[in-house]
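Peer 1: Okay, handing you the structure first.
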Amino acid sequence: MSRALTAKNIFEKKYKLFEFYGEWKEAFDCPERYGVWFIWGNSGNGKTTFVLQLIKYLTQFDEVLLNSLEEGSSHTLKKGFVRVGMGEVSSKVLIVSETVERLEERLSAKKSPGIVVIDSFQYFQLTYKQYISFKEKYPKKLLIFISHADGRSPAGRSAKSVMYDATLKVWVEGYRAFSKGRYIGEKGDITIWPEGAVKYWGE
């Protein structure tokens with residue numbers, strides 16, 4: 001049986017956090033650098049652009065691996081890269097399109113990227129039990145899952161369970177990304193595309 005922690009232990013424990021600033025901190029505070037984040041939203045609301053903006057922002061903290069299962073290395077992905085100015089950080093972003101088994105081989109190697117983005121959870125084809133096994137293999141990495149939506153919920157029972165498990169949950173709607181998880185900044189959201197957000201929300 002493991003030793004129980006006291007409240008004092010929790011107060012004294014040191015956590016490794018992302019030192020977010022500006023609009024990112026206003027939306028998501030300073031989240032922990034390890035664990036699981038979950039992003040979902042309906043098509044046509046800016047989800048892909050937000051994910052690429054997030055990847056670009058996170059490269060200042062670590063190398064990012066994008067497992068692009070839906071788009072691969074398509075022209076639409078390239079257009080997204082151009083749209084967010086990914087060329088400025090291109091040496092810190094790796095793109096693959098791999099199954100669970102192949103990705104696990106890559107992540108088990110020394111000096112593999114510390115941040116992994118999987119687009120999408122549905123294409124990755126994990127049950128919730130397989131997801132738990134996958135995440136427990138990489139306790140010192142940040143795993144970010146992108147998900148389709150069914151209305152305002154993640155599409156599929158497994159995806160919904162992962163959303164509940166994630167420490168940072170981000171809902172994308174009307175070209176804004178809203179924090180729905182355990183890390184919420186003073187504002188609680190970030191605008192992906194100002195013109196589109198104004199048109200959608202009327203403000």
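Laboratory data are not the source of any read-out in this text; all were calculated from the coordinates shown. The structure displayed is predicted, hence computed values, not measured ones. Every residue, glycine among them, receives a Cβ derived from its backbone with ideal geometry; neighbour counts consider all protein chains shown.
Peer 1: Could you work out how far apart the two model spin labels at Thr127 and Ala4 are, taking each label as a point 7 Å from the Cα in the direction of the beta carbon, and quote it in nm?
Peer 2: 3.4
Peer 1: For Asp150, enumerate residues with amide H under 5 Å from its amide H, sequence gap 5+ or separate chain, H modeled in the peptide plane.
Peer 2: Ala155
Peer 1: May I pose another question? I need the phi-derived Karplus couplings for region 190-203: 6.51 cos²θ - 1.76 cosθ + 1.60, θ = phi - 60°, integer Hz, Gly and Pro marked x.
Peer 2: 9, 8, 8, 9, x, 4, x, 5, 5, 5, 6, 8, x, 8
Peer 1: Now for a separate question. Obtain the nm distance between the two label points defined at Val100 and Ser112 by a simple spin-label model: each point lies 7 Å from its Cα along the Cα-to-C-beta direction.
Peer 2: Those two pseudo-labels are separated by 1.4 nm.
Peer 1: Quick one: among Phe28, Phe81, Phe121, which has the greatest mean-square fluctuation in a GNM of the chain with alpha-carbon springs under 10 angstrom?
Peer 2: Phe81
Peer 1: What value, in deg cm²/dmol to 500, does the helix sum -39500 (n - 2.57) over DSSP H runs of n ≥ 4 give at 222 nm once divided by the residues of the chain?
Peer 2: Values: 9 runs with 73 residues, N = 203.
Only helices count here, giving -9500 deg cm²/dmol.
Peer 1: Report, for region 17-201, the % of DSSP beta bridges that are antiparallel, rounded to 5.
Peer 2: The antiparallel fraction comes to roughly 30 percent.
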